[in-house]
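Asker: Structure below; questions to follow.
No value in this document is a laboratory result; all are computed from the given coordinates. Small disclaimer: the values here were computed from a predicted structure and weren't measured. As a convention, Cβ positions derive from the backbone with ideal geometry for all residues, glycine included, and neighbour counts pool all protein chains shown.
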Amino acid sequence: MFTDQVRAVNIGAVRCFVRRASRPSLWAASLLSIFVAGGPARGDGLVAGAVQVVDESRVRGTLTATSLGDGVSDGEFEVESVVVEVPMPSGDRYVGRLSTVWDPQTSLFWWNFRGEGPITPDQPLAELESRVAFYVSASEILGVEIDGPPPSLWCLRSSASASSLEKATALALETLATSGAALQGGTAQWRRGTSFSSVLPRDFYYLPYHPAPRTEVSVAGISRRGAGWDVTLAGREGRRAVVTLDALLGVTGATLVPESLGDSR
């Protein structure tokens with residue numbers, strides 16, 4: 001019997017699964033191979049390379065942007081999530097989940113690829129919506145999520161466009177098809193993370209006296225400030241703070257919102 005060997009490895013900051021296939025297996029036979037061939041910048045064509053998509057893992061739905069910018073009146077996105085295997089120079093395949101967000105009003109799209117861990121979310125779209133806050137304007141989509149330790153804002157900005165969700169996913173697969181070496185070397189990074197722990201008091205975002213500090217904060221709003229950004233965070237006990245990002249999405253400062261401090265000041 002021919003089987004695939006699966007091993008867990010640490011690539012970059014993500015613990016993921018790498019699949020080493022010696023011969024075709026029943027599992028591999030269930031994969032849909034995507035062969036892409038070069039196309040226009042708007043995503044109306046597909047590019048050459050071969051990534052494998054676990055077609056039965058594909059889910060689609062909608063989600064709503066947290067904040068709207070200039071030129072946008074409707075923040076409802078079309079979303080797709082699917083498990084993908086990316087070939088690496090070693091012959092192994094990097095297993096991860098590709099999530100694509102497409103805005104029908106502007107044709108802009110945003111995507112992210114995360115290594116699959118030992119626990120795969122039963123509802124990946126709900127997990128994406130709970131994890132990432134989105135800002136959309138006529139020219140860009142910004143996705144912001146909180147991760148750590150240390151507690152950080154992880155940001156990914158996109159001004160790419162495509163004529164449909166399907167074409168947006170095809171463009172993302174085009175990039176992944178050429179990312180095997182970076183994934184193998186642990187250098188693949190599509191988002192930027194900077195800590196906000198130095199600009200906000202610890203009790204704003206951490207549950208006190210907890211044996212394992214747990215971030216208790218979420219993104220409540222995103223807005224443009226000149227060339228940079230303001231990200232409003234909802235912290236413990238109803239408190240709020242505005243974290244300022246520069247044009248490169250680095251944290252430059254923060255301001256506690258006085259009316260949200262209450263008796264905790």
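Asker: Among 123-132, 245-254, what's the highest-first ranking by average C-beta atoms within 10 angstrom per residue? Could you put the intermediate results ahead of the total?
Answerer: On the way: 123-132: 17.4, 245-254: 15.9.
Top to bottom by mean Cβ count within 10 Å: 123-132, 245-254.
Asker: Give me, ordered by chain and number, the residues 5 or more places off G148 or on other chains with an amide H under 5 Å from its own placed amide H.
Answerer: For G148, whose amide H was placed from the backbone, there are no distant partners under 5 Å.
Asker: I would also like to ask the following. Near T194, within a Cβ-to-Cβ distance under 14 Å, what is the net charge of the other residues, with Lys and Arg +1 and Asp and Glu -1?
Answerer: Working: positive: R157, R191, R192; negative: E145, D147, D246.
With Lys, Arg at +1 and Asp, Glu at -1, the net is 0.
Asker: What order, most packed first, do the peptides 92-99, 227-234, 71-78 have when packing is the mean number of other Cβ atoms within 10 Å of each residue? Before the final figure, lay out each step's value.
Answerer: Working: 92-99: 23.2, 227-234: 18.9, 71-78: 15.1.
Put in order of decreasing packing, that is 92-99, 227-234, 71-78.
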